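Beneath this line is the structure, given in structure tokens, with notes to follow.
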Amino acid sequence: MVRGLAIALAIICLVAAPACSRRNKPTTTPQPAPTVTEPPVVTGPPPAPPRTSQRVEDQQPAPLSEDAVSDRSLDELNRNSPLRPAFFVLDSSDLDDAGRSVVTGNVEVLKKNPQWVVTIEGHCDERGTAEYNLALGERRAAAVKTYMVSLGIAPDRLRTVSYGKEFPFDQAHTEDAWSANRRAHFVITAK
């Protein structure tokens, strides 16, 4: 008899379960199916980003008039700096001919603006340890300062700092990017 009751109870549960579940369902209005858009068909490599016609080291800043320089804040001067970066070859802190030419041009700008104080930042590419790159960046900044002093800039107008590989100009991992990151960068810190 117990067995019969268990079978009957199981049958009732099987029959009643779908009916119970229908009563417990919330009544909602049917929602439209989400629209799916197909991704565009790509038929080749993505377009290359626009490139400038000149490399970073070849770009010349626009000449500034005396009024334009004196009226600008330090942030504005550094945003469109008349001082160009000097670039270095791999693992070197020696200024080559191109680097000396850039630094000589920067010295002429500083001579026209004798009140400016400049920080020379030494930078490296991402290769090498952090310690090695900090030391190399310091040697690069010191080499530029020494050359500028030899051209007549007072040493107390020049500060140096090394950032090693911490602030790359170009984040890519290519030889072009690395060569752009091996530099002495000039920041006008007082005027």
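Being under 11 Å from Leu136 (Cα atoms) and not charged (D, E, K, R) is the filter here, so list the residues in region 90-104 that pass it. Please lay out each step first, then the result.
Going through region 90-104, the residues under 11 Å from Leu136 (Cα atoms) turn out to be 90-94.
If the condition is that a residue be under 11 Å from Leu136 (Cα atoms) and not charged (D, E, K, R), then Leu90, Ser92, Ser93 are the ones that fit.
So how many residues does region 132-191 have that are among the aromatic types (Phe, Trp, Tyr), touching a residue at least 60 places away in the same chain (Cβ under 8 Å) and surrounded by fewer than 18 Cβ atoms within 10 Å (Cβ to Cβ)?
1
Each value in this text was obtained by applying a stated rule to the coordinates, not by laboratory testing. All figures in this text were calculated on a predicted structure; none of them were measured in a lab. Ideal geometry is used to build each Cβ from the backbone, glycine not excepted, and the neighbour counts take in all protein chains shown.
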